[in-house]
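Working notes, beginning with the structure itself.
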Amino acid sequence: MGSSDKKSDRDAAGEVGRPTGVSLFRRGTVSANPTVTYDLATGREIFAHGLPSLALNPVKVWESLAMVRLSPEHLLGNGLFPMTSDNRAAAAFDHLRSRLLHGLTQKNWRRIAISSPTHGCGKSFVATNLALTLARRPDSRTVLLDLDLRRPRLASILGISDAPPLADYLSGEQPLEAIFRRFGRTLALGVNGAPVPMAAEMLHSPETAEALTAITELLDPEVVLVDLPPVLAGDDVLAVASQVDAVLLVTDGTRTRPEEIRACERVLEGRLPLLGVVLNRAEEPAAQQYGYGRN
């Protein structure tokens, strides 16, 4: 490899000085150099004649993410299954994975919100286990994102004690590579280390919309799972409706009332497709099919 190639690789890896943006990686090498300036407030690149058309290499972006080690004991203690298991609940998530992938293929979808009618139904538990089972597929790419900004739980569930504030990425203050971590070769984690007081306003902002779009453009995952607040707790789910393809609703078999599910359907109707309803903490014999028994 020549010296010019090495310099290009260093530039792509962010080793040269430049403002922080949505990503240290540009969208490709431009054949006819466009005029590029920088928005000093956000550090994002501004192309005078639109975005460059040549392709970015998502593999390089994916491999640039810092690796994170997750404790198997901590995961198992929280009812999470990073490896294939004979446990009935683990098998239920494998079954849910198959059904989810079938539905996504049919609809050509890949961005799925995970929500619930109310707090305490186990949506974060379901989102995390579903992400882990999706990531067990070889040569796949799955992203798990914590957008329950008021009450982030994914970092705690996974045992990540030094998670940075996700708001820094959503606002454009930090690039994707500074915030996201990678578990193994197939799972990227966008967890949140600090609650956001003005969560709804941040989710409604154009900066957040741009940042969410950048995730799929830069990482090119097959599936993006977005852990969102409960549907009936506010308008956070609707705030990102244009950035996801459908919602998977997690209900609690011991406390969720039918009228709460119907209320969610009314909120989502005409705004966001309801992909399905997952029954958590299901009683026997339903638990043998799709109950998960955790919070």
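Quick one: which residue in Arg181, Arg185, Arg141 is out of contact with any Leu (no Cβ under 8 Å at 6 or more places or on another chain) and assigned by TED's automatic domain parsing to the domain that holds His74? Don't jump to the end; show me each part of the working.
Details: Arg181 fails: out of contact with any Leu (no Cβ under 8 Å at 6 or more places or on another chain); Arg141 fails: out of contact with any Leu (no Cβ under 8 Å at 6 or more places or on another chain).
None of the other options fit; the residue is Arg185.
Of the residues in region 168-182, at least one is of a type in the set (Phe, Trp, Tyr), assigned to a helix (DSSP H, G or I), buried (at least 23 other Cβ atoms within 10 Å of the Cβ) and in contact with a helix residue (DSSP H, G or I) (Cβ under 9 Å, 6 or more places away or on another chain).
Picking from residues in region 213-240 that are free of Cβ contacts under 8 Å to residues at least 40 places away in the same chain and among the aliphatic types (A, V, I, L, M), the one that is surrounded by the most Cβ atoms within 10 Å (Cβ to Cβ) is Ala239. Scanning region 195-216 for residues that are in contact with a Leu (Cβ under 8 Å, 6 or more places away or on another chain) and part of a loop (DSSP other than H, G, I, E, B) yields Pro195, Val196, Ser205. Just the residues that are under 22 Å from Ala155 (Cα atoms) and either at pLDDT 90 or above or among the charged types (D, E, K, R) (or both), please, taken from region 80-96. Hits for region 80-96 are Leu80, Phe93.
Each row is one residue, and each column tells you yes or no for (1) surrounded by 22 or more Cβ atoms within 10 Å (Cβ to Cβ); (2) aliphatic (A, V, I, L, M).
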| position | (1), (2) |
| --- | --- |
| Asn78 | no, no |
| Met83 | no, yes |
| Phe93 | yes, no |
| Gln106 | no, no |
| Ser115 | yes, no |
| Lys123 | yes, no |
| Arg136 | no, no |
| Thr142 | yes, no |
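The one condition from (1) modelled with pLDDT of 95 or more; (2) closer than 25 Å to Ala239 by Cα; (3) not in a strand (DSSP E or B) that Leu132 does not meet is (2). Would you check if there is a residue in region 209-221 being farther than 23 Å from Leu104 by Cβ, in the same structural domain as Glu269 (by TED's automatic domain parsing) and hydroxyl-bearing (Ser, Thr, Tyr)? For region 209-221, residues farther than 23 Å from Leu104 by Cβ, in the same structural domain as Glu269 (by TED's automatic domain parsing) and hydroxyl-bearing (Ser, Thr, Tyr): absent.
The values are calculated or read from the model by the stated rules, or taken from the named source; none is laboratory data. In this text the structure is predicted, and so the values were computed from the model without any measurement. Quick reminder, even Gly has a Cβ in these numbers, built from the backbone with ideal geometry, and neighbours come from all protein chains shown.
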